[in-house]
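Presented below is the structure to which this report refers.
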Amino acid sequence: MSGHGTPIPMTSHRADPLTGVAEVPGDKSISHRSLILGAMAVGETKITGLLEGDDVLDTAKAMQAFGAEVVNHGGGSWSVHGVGVGGFAEPDQVIDCGNSGTGVRLIMGCMATSPISVTFTGDASLNGRPMARVTDPLALFGAKSVGRSGGRLPMTIVGAAAPVPVRYEVPVPSAQVKSAVLLAGLNAPGKTVVIEKEATRDHSERMLAGFGAEISAEDTEEGRVITLTGQPELKPQVIAVPRDPSSAAFPVCAALITPGSDVLVPGIGLNPTRAGLFYTLQDMGADLTFENMREEGGEPVADLRAKYSPNMKGIEVPPERAASMIDEYPVLSVVASFATGKTMMAGVKELRVKESDRIDAMARGLRANGVMVDEGDDWWSVEGMGPEGVPGGATCESFLDHRIAMSFMVMGMGAQASVTVDDGNPITTSFPVFEPLMKQLGAKLESGGQ
Ligand code: S3P
């Protein structure tokens, strides 16, 4: 059932103090977008710092299948020779996006206004996730889709031969949906307008502007109104991908709960639509500081310093912050277990349709490790056990979800007894060097069982 091969358990024993520098890989969201927009530009886009995780590699293969020339020059340096907006060829084979919701949804968007038919599939996790949120707006452009019941993959999309621009209000806070509509709008004549009630990550907008598209965003009473003028000629770019704040979250949180730790995580993208976790940790009383704030490639960047923080308090995480830290709730719930008092996380229904139902997956694992969790449809809360009070000792399921697997590995670093996940393979989707990087800081991780 897994798209990741035979499950390989991974165990995290109580860690030595975590110290040193954690150079986490490139941003996953920006890496996908670099390859896709590179493929839609005319000429050669050069990318450094690309995340070479499975999710992004699947997107690179997809862009090749559409006719772009994608070359890996080694060491995170890649080039994409694009075919131009409207220049995609029909792939000969099924496009397999593996575990990646971002990959499949963005690629559906970018092909939906070209006269080609494309069949998409993924692993067991991706094939269970909802796609109607993307195919509904793509139908307004004139694209047709046929998938399995519940709008699930495998699915074929027949792109619109004569697309029309659309005005679309995104019904759920989702950067993937917003981005799919904007990418489809690239090959529709006239102005495509996307309205989002809550601001989600804006990498697509920033990068579209960087590639020379005419795009504007305005905050109004309806929400953020984004207007894109279709059929531009995108100009190839030189892109330095910043390091991923969602990956930085793991060494940062591990340092906060592991006695004696002091870790520097340099060059982290701190785009305000992504940085919510770090402000939440500071609100809890974490010893987390931003050093050397600067701007790189149009994105704010800083070096994060995280030290062991035995005095953290449970808080109510502001629901309006949810979109800016949506992928970080699993690891936040681990930190909350080591705080004193209750942490309440509300307005997070989207967590139920990620690579796994992340509320359910974390609640099961936290409870198995001796932590009390309460949950509702769109909220959950964690009862903190104090800095030395988390029992641990359990084996948790990772549900084909990289962030669930890494979160429980972080928990084992500060818990009284070792924590195991049934399958550590999914980690390679977003953070292929997680195990050596964390070990080099002082973590005691073991692949292949206890
Ligand atoms: C992403 C958007 C988010 C996030 C995902 C990456 C993106 O998903 O969870 O990991 O790159 O656009 P949603 O758009 O479904 O919230």
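What does DSSP give for the chain in terms of the percent of beta bridges that are antiparallel, rounded to the nearest 5?
Close to 75 percent.
In percent, how large is the relative contact order of the chain, given Cα pairs closer than 8 Å and 6 or more residues apart?
20 percent
Below 16 Å, Cα to Cα, which lysines can K313 reach? Residues fewer than 8 away in the same chain don't count.
Of all the lysines, those that pass the test against K313 - Cα under 16 Å, at least 8 places apart if same chain - are K342.
Taking the Kirkwood radius as the inverse of the mean 1/r across Cα pairs, report the Rg/Rh of the range 168-285.
We get a ratio of 1.08 for the range 168-285.
Around K28, what is the net charge, scoring Lys/Arg as +1 and Asp/Glu as -1 over all other residues with Cβ under 15 Å from its Cβ?
Local net charge: -4.
Within 10 Å, count the other beta carbons around each residue, average over each peptide in 138-144, 221-227, and list them highest first.
Final packing ranking: 138-144, 221-227.
Could you report the range 28-190's accessible area per residue, 1.4 Å probe, as an integer in Å²?
32 Å²
May I ask you to derive the relative contact order of the range 174-282, considering only C-alpha pairs under 8 Å and at least 6 residues apart, and to give it as an integer percent?
24 percent
Over the chain, what per residue volume does the convex hull of the Cα atoms give, in whole Å³?
Taking only Cα atoms, the chain has a hull volume of 121 Å³ per residue.
Less than 9 Å Cβ to Cβ from L264, Lys/Arg counted +1 and Asp/Glu -1: what total charge do the surrounding residues give?
With Lys, Arg at +1 and Asp, Glu at -1, the net is -2.
With unit charges on the beta carbons (Lys and Arg positive, Asp and Glu negative) and the dipole taken about the Cα centre of the range 334-450, which residue among G384, V421, I359 sits farthest to the positive side?
Farthest along the dipole direction, towards plus: G384.
On a full-extension model of 0.36 nm per residue, what is the gain between T119 and D360, subtracting their alpha-carbon distance, rounded to one decimal in nm?
Additional length available on full extension: 83.7 nm.
Ignoring ligands, DNA and RNA, what percent of the accessible area of the range 402-450 is carbon or sulfur (1.4 Å)?
49 percent
With θ taken as phi - 60° and the coefficients 6.51, -1.76 and 1.60, list the Karplus ³J(HN,Hα) couplings across the range 7-16 in order, rounded to whole Hz; mark glycine and proline as x.
With the stated coefficients, the range 7-16 comes to x, 10, x, 9, 10, 10, 8, 3, 8, 5 Hz.
Using Stokes-Einstein with the Kirkwood hydrodynamic radius over Cα pairs, what translational diffusion coefficient do you get for the range 28-190 at 37 °C and a viscosity of 0.692 mPa s, in µm²/s rounded to a whole number?
Stokes-Einstein gives a translational diffusion coefficient of 213 µm²/s.
Cross-link partners among aspartates and glutamates for K197, C-alpha distance below 15 Å, same-chain residues fewer than 8 apart left out?
E169, E218, D219, E221, E222, E320, E350
If packing is taken as the mean number of other Cβ atoms within 10 Å per residue, what is the order of 157-163, 376-382, 182-188, 255-261, highest first?
182-188, 255-261, 157-163, 376-382
Which aspartates and glutamates does K235 reach when only Cα atoms under 14 Å apart count, and residues fewer than 8 places away in its own chain are ignored?
E44, E214
Could you work out [θ]222 nm for the chain from helices alone, using -39500 (n - 2.57) per DSSP H run of at least four and dividing by all its residues? Round to the nearest 500 deg cm²/dmol.
The helix-only estimate for the chain comes to -8500 deg cm²/dmol at 222 nm.
For N99, list long-range residues whose amide hydrogen, built 1.01 Å from N in the peptide plane, is under 5 Å from its own amide hydrogen.
Placed amide hydrogens put D123 under 5 Å from N99.
Do any of K46/K444; K349/K439; K28/K61; K191/K354; K191/K349 go past 27 Å between their Cα atoms, and which?
As for pairs spanning more than 27 Å Cα to Cα, those are K46/K444; K349/K439; K191/K354; K191/K349.
Size of the dipole of the chain about the Cα centre, Lys and Arg at +1 and Asp and Glu at -1 on the beta carbon, nothing else charged, in debye to 20?
So the dipole magnitude of the chain works out to roughly 320 debye.
Could you go through the range 303-316 in sequence order and give the Karplus-derived ³J(HN,Hα) for each residue, using 6.51 cos²θ - 1.76 cosθ + 1.60 with θ = phi - 60°, rounded to whole Hz, and x for Gly and Pro?
Once θ is set to phi - 60°, the couplings for the range 303-316 become 9, 9, 10, 10, 10, 3, 10, x, 10, 6, 10, x, 9, 8 Hz.
For G20, list long-range residues whose amide hydrogen, built 1.01 Å from N in the peptide plane, is under 5 Å from its own amide hydrogen.
For G20, the qualifying residues are D262, L264.
Show the residues, 5+ positions off or on another chain, whose built amide H is closer than 5 Å to the amide H of G314.
Distant-sequence amide H within range of G314: T340, G341, K342.
The values are calculated or read from the model by the stated rules, or taken from the named source; none is laboratory data. Because the structure is predicted, anything quoted here is derived from the model rather than measured. In this analysis, Cβ positions are derived from the backbone assuming ideal geometry, glycine residues included, and neighbour counts consider all displayed protein chains. When the accessible area is computed, the model is the full protein with side chains, heavy atoms only, and any ligands, DNA or RNA have been set aside. Shrake-Rupley method; radii C 1.70, N 1.55, O 1.52, S 1.80 Å.
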